[in-house]
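Asks: Okay, handing you the structure first.
The values are calculated or read from the model by the stated rules, or taken from the named source; none is laboratory data. Every value quoted in this text rests on a predicted model; they were computed, and no experiment measured them. Every residue, glycine among them, receives a Cβ derived from its backbone with ideal geometry; neighbour counts consider all protein chains shown.
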Amino acid sequence: MNEIHLTFLASPEWARMLETDLLPWVESVGPLGDDVLEIGPGPGLTTDILRTHVPKLTAVEIDPSLAGALADRLSGTNVDVINADATASGLPSGRFTAATCFTMLHHVPTPALQDALFAEVFRVLRPGAMFIGTDSIDSEAIRMGHEGDVFVPVDPATVDRRLESAGFRNVDVGPSGYQFRFTARKPLA
C-alpha cells in the first residue's frame, strides 16, 4: 500500500467516515455472532469499530508490519491478530459466526486470488454464517489514490456470481457512493 493511502486509512477523517457510514450499515445487516473474522484490517480502524460490537474478533492481515503493529496495539483485548494470507489462512473450518472485509478486495493481486479468498472465507464460516463487505468502485480518482499499489478492482456486476461460485447463497450486492456493499450467507446444509 502506498504511504498516502496508508496514512489516509489511519486518519481521523477515515475513522469518522467509518463511524458515520460503515457502522450503521454493519448494524443493519444483523448480528455478527460471537466469533468474527476480519480480513485485511490494515492499520485497524475497522477493527477498532468491530471489536466493540462482538465478543471475539480475529483479524487476518497479510502485511507483517501492519499485523505486528495492530497486534501490539490491541494486545490484551478481545482481538487476535494473525499475520497470514487470507486465501490460505490455516484457520479451522466452520469456526466463525461471521466474516468481514472492508475496502480491501482490490488489494488482492488477481481475480483468481480474490476467488480463492471467497472460498477460504466460505470454508472457515459456520453453516448459516454471514459474510459482509465493501469495496471501492473503479474510478479515475480511486486509481490515482492507489498509484504504486496493487489495485485490481472487483466488478460489482460479477461479485454475486463469484460469491455463489464459492458456495454462498442469499447474495446481495448494491452500490453505496464510491463503493459497493455485499452480504452473503453460507447455507445451513
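Asks: In region 32-43, how many are in a loop (DSSP other than H, G, I, E, B) and at pLDDT 95 or above? Quick ask: steps written out before the conclusion?
Replies: Residues of region 32-43 that are in a loop (DSSP other than H, G, I, E, B), as a first pass: 32-35, 40-43.
Pick out the ones that are also at pLDDT 95 or above and you get 32-35, 40-41.
Adding up the residues that qualify gives 6.
Asks: What is the number of the single condition among (1) among the aliphatic types (A, V, I, L, M); (2) over 25 Å from Ala15 (Cβ atoms); (3) within 15 Å of the chain's Cα centre (by Cα) that Val108 does not meet?
Replies: Val108 satisfies every listed condition except (2).
Asks: Further question: Pick from Ala59, Ala88, Ala67, Ala71: which is hydrophobic (A, V, I, L, M, F, W, C), part of a loop (DSSP other than H, G, I, E, B) and modelled with pLDDT of 95 or more?
Replies: Ala88
Asks: OK, next. Of the conditions (1) modelled with pLDDT of 95 or more; (2) touching a helix residue (DSSP H, G or I) at 6+ places or on another chain (Cβ under 8 Å); (3) closer than 21 Å to Asp48 by Cα; (4) not aliphatic (A, V, I, L, M), Asp80 satisfies every one except a single condition; which number is it?
Replies: Of everything listed in (1) modelled with pLDDT of 95 or more; (2) touching a helix residue (DSSP H, G or I) at 6+ places or on another chain (Cβ under 8 Å); (3) closer than 21 Å to Asp48 by Cα; (4) not aliphatic (A, V, I, L, M), Asp80 misses just condition (2).
Asks: Follow-up question, since we're still on this one. Here is a list: Thr52, Thr77, Thr58, Thr47. Which entry is in contact with an Asp or Glu (Cβ under 7 Å, 6 or more places away or on another chain), free of Cβ contacts under 8 Å to residues at least 40 places away in the same chain and farther than 20 Å from Phe180 by Cα?
Replies: Every option except Thr58 fails the conditions.
Asks: Let me ask another. Which residues, taken from region 122-145, are among the charged types (D, E, K, R) and within 27 Å of Pro24 (Cβ to Cβ)?
Replies: Arg126, Asp135, Asp138, listed by residue number.
Asks: Taking region 150-165, which residues are surrounded by fewer than 15 Cβ atoms within 10 Å (Cβ to Cβ) and touching a residue at least 40 places away in the same chain (Cβ under 8 Å)?
Replies: Of everything in region 150-165, those that are surrounded by fewer than 15 Cβ atoms within 10 Å (Cβ to Cβ) and touching a residue at least 40 places away in the same chain (Cβ under 8 Å) turn out to be Val150, Ser165.
Asks: Which residue is surrounded by the fewest Cβ atoms within 10 Å (Cβ to Cβ), if the candidates are limited to region 36-83 and must be over 15 Å from the mean Cα position of the chain (by Cα) and closer than 16 Å to Leu125 by Cβ?
Replies: Only one residue fits best here, namely Lys56.
Asks: Inspect all residues belonging to region 175-184 and state whether any of them is closer than 22 Å to Ala59 by Cα, touching a Gly at 6+ places or on another chain (Cβ under 8 Å), surrounded by 18 or more Cβ atoms within 10 Å (Cβ to Cβ) and among the basic types (Lys, Arg).
Replies: Taking every residue of region 175-184 in turn, at least one turns out to be closer than 22 Å to Ala59 by Cα, touching a Gly at 6+ places or on another chain (Cβ under 8 Å), surrounded by 18 or more Cβ atoms within 10 Å (Cβ to Cβ) and among the basic types (Lys, Arg).
Asks: Another question, then. So in region 146-189, with the set limited to residues that are polar (S, T, N, Q) and not in a helix (DSSP H, G or I), which one is farthest from Gly30 (Cα to Cα)?
Replies: The extreme case among them is Thr158.
Asks: Still on this structure, please answer the following. Output the number of the condition that Asp72 fails; it satisfies all remaining conditions of (1) free of Cβ contacts under 8 Å to residues at least 60 places away in the same chain; (2) closer than 27 Å to Pro24 by Cα.
Replies: (2)
Asks: Considering only region 166-174, I want to know if a residue exists there that is modelled with pLDDT under 95, surrounded by fewer than 17 Cβ atoms within 10 Å (Cβ to Cβ) and touching a helix residue (DSSP H, G or I) at 6+ places or on another chain (Cβ under 8 Å).
Replies: Checked against the condition, which is being modelled with pLDDT under 95, surrounded by fewer than 17 Cβ atoms within 10 Å (Cβ to Cβ) and touching a helix residue (DSSP H, G or I) at 6+ places or on another chain (Cβ under 8 Å), region 166-174 yields no hits at all.
Asks: So, one more: Please work out which residue is farthest from Phe180 (Cα to Cα), limiting yourself to region 91-141 and to residues that are of a type outside the set (Phe, Trp, Tyr), assigned to a strand (DSSP E or B) and touching a helix residue (DSSP H, G or I) at 6+ places or on another chain (Cβ under 6 Å).
Replies: Per the stated criteria, the residue is Ala99.
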